[in-house]
Amino acid sequence: MTSLPSSSFSTTSLLLHSHTPPKTITRFNFLRMVTRSCLDDSSALLQAAQFTVDTYVKSGMVVGLGSGHASGMAIQHLGRQLRTGNLKDIVGIPMSVASASEAAKAGIPLDTYQDSSQIDFAFDDADAIEEGTLAAIIGRRKLQSEESIVQEKSILNAANKLVFIIEENQYKDGLEGSVPVLVQSLNWMPIAEEIEDMFLGDAEVWRRSSIGLAGPLGGDYPLVTREGHNVLDVIFTSPIVSLAEVAKSLDNVYGVVDHGVISKIPCTVVIASHNGQRILDKLTTDIVS
């Protein structure tokens, strides 16, 4: 794969909050990083989920409810805040069947997503976040037939404010692993061949099965999403130079409906680690020469 054109960035300072006096470090102009107090390993992700709700959710908001372990904990905490009266008049827009079920158990009033939905805030898990750009990969996890990457991504893009909640090992440069791609199911094979040729030597393309691992062709029971699409997992065997470049290439392939790369501005990432929480904000677009 080819990398993006070289970039020139103006610089600003990062303020790190801890028990010691703040110090200044130079970083890209679109990224703000805050380190919070040190947390125990077993509670780091829970604390990050609770922090996300307590910091960003306000009474009267319409909130996009994400999928995954951290999002599940955030949904539970949001329900507790509603029951205790700390938050009022919240409406949740679930991104999956699992998040809808979790929210219903937590007592969160729900509505369904429409193209015209106004969403004040959304939180979600991400499979991986690219260091510096905060571009995310979603959809690697096993999907149920009722779930939809298209809906999850639509809710994230519609939100006025977006937060991803992840663990430290999910944030790095040169990401590896797969990018899910939604394609038309009737002619999936030529689409898969075109994608494999496009990333020749850097990736393999497997059609996702609905039951376990069934090889590159997806076996006898390939996954069909509720919109009728197949999912191709583009499995990168070399580090990804640029998620933005990957997304741009996939967008240009006829028959590709959507993919699991999302790059939204503004975007915040809350990282839970044994060293404590880090909050990263992407405030403006990248400056490309």
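Some points to look at:
- Accessible area of the stretch 54-99 belonging to carbon and sulfur atoms, whole % at 1.4 Å probe: 55 percent
- Taking every protein chain into account, the 1.4 Å probe leaves residue 211 with about 110 Å² of accessible area, to the nearest ten.
- Percentage of interatomic Cα-Cα distances in the stretch 179-289 larger than 22 Å: 44 percent
- Average accessible surface area per residue within the stretch 40-91, 1.4 Å rolling probe, Å²: 43 Å²
- By the equivalent-ellipsoid construction on the alpha carbon gyration tensor, the stretch 106-249 comes out with semi-axes of 26, 21, 14 Å, ordered largest to smallest.
- Over the stretch 162-250, accessible surface divided per residue gives 47 Å², non-protein components excluded, 1.4 Å probe.
- When nucleic acids and ligands are ignored and a 1.4 Å probe is applied, residue 224 ends up with an accessible area of around 70 Å².
The values are calculated or read from the model by the stated rules, or taken from the named source; none is laboratory data. All values reported here derive from a predicted model rather than from experimental measurement. In case anyone asks, the SASA skips ligands and DNA or RNA and just uses the protein heavy atoms, side chains included. Shrake-Rupley method; radii C 1.70, N 1.55, O 1.52, S 1.80 Å.
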